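The values are calculated or read from the model by the stated rules, or taken from the named source; none is laboratory data. Every value quoted in this text rests on a predicted model; they were computed, and no experiment measured them. All Cβ positions, even for glycine, are placed from backbone atoms using ideal geometry, and neighbour counts span all protein chains on display. Just the protein is used for accessible areas: all its heavy atoms, side chains included, with ligands, DNA and RNA removed. Shrake-Rupley method; radii C 1.70, N 1.55, O 1.52, S 1.80 Å.
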Amino acid sequence: MNEGSYSREPSREPELRTILLGVGGRDDSRVDALVDVVKEVASSNTTVIIVHVFDTDSYKETVKQVANTEDEHIEPDELAAQMSTTEEITGRLKADSIDYEARATTGRKGDGVVEIAKEVDADRVIIGGRQRSPAGKALFGSTAQKVMLNAPCPVTFVRDRK
């Protein structure tokens, strides 16, 4: 090689083994966009962890709706798997032969997503959010902002296109 010249290998993104997809009650309108982003970055060795974080009140209310009783206890992971948004996402991932599992926790949404991302050693977190007004574009929602600032890995934010 001549002095001053160099050889550059094409850069490759590292393979993502674990993607955490944070979903909530308002994500039903952006399932297509979220799944499209997952499919863009997932490989045949990727597992997608679909995470739903319930606050205490929404957890109790959702258990009542799913179990049709106030007495029955449903584990958060099981409850998350039964959520319509999660079922729609898992159906699409299964159709594309992408491995997945549903996880959940109770507490503050941003903290829960970050906590599970650390537990599963996520390589990427994908979260959705709504489009903001011109004045609001300077800030993301509090949940998205907390995840982006505290996640142990890169975060992809998928906004509504509306």
Could you please tell me which pairs satisfy a Cβ distance under 9 Å, a separation of 6+ or placement on different chains, a first residue in region 8-19 that is within 16 Å of Val120 (Cα to Cα) and part of a strand (DSSP E or B), and a second residue that is open to solvent by 100 Å² or more (accessible area, probe 1.4 Å) and at pLDDT 65 or above?
-> Thr18/Asp121
Subset of region 21-48 that is closer than 14 Å to Gly129 by Cβ and part of a loop (DSSP other than H, G, I, E, B) - its residue that is most open to solvent (accessible area, probe 1.4 Å) = Arg26
Exception for Glu72 within (1) at pLDDT below 90; (2) within 18 Å of Arg124 (Cβ to Cβ); (3) acidic (Asp, Glu) falls at (2)
Restricting attention to region 117-141, report how many residues are modelled with pLDDT of 95 or more and either assigned to a helix (DSSP H, G or I) or among the hydroxyl-bearing types (Ser, Thr, Tyr) (or both).
-> 3
Does Glu61 satisfy the condition of being modelled with pLDDT under 90, charged (D, E, K, R) and in a loop (DSSP other than H, G, I, E, B)?
-> no
Does at least one position in region 105-113 carry a residue that is open to solvent by 60 Å² or more (accessible area, probe 1.4 Å) and at pLDDT 95 or above?
-> no
Residues in region 11-20 that are open to solvent by 30 Å² or more (accessible area, probe 1.4 Å) and hydroxyl-bearing (Ser, Thr, Tyr) total 1
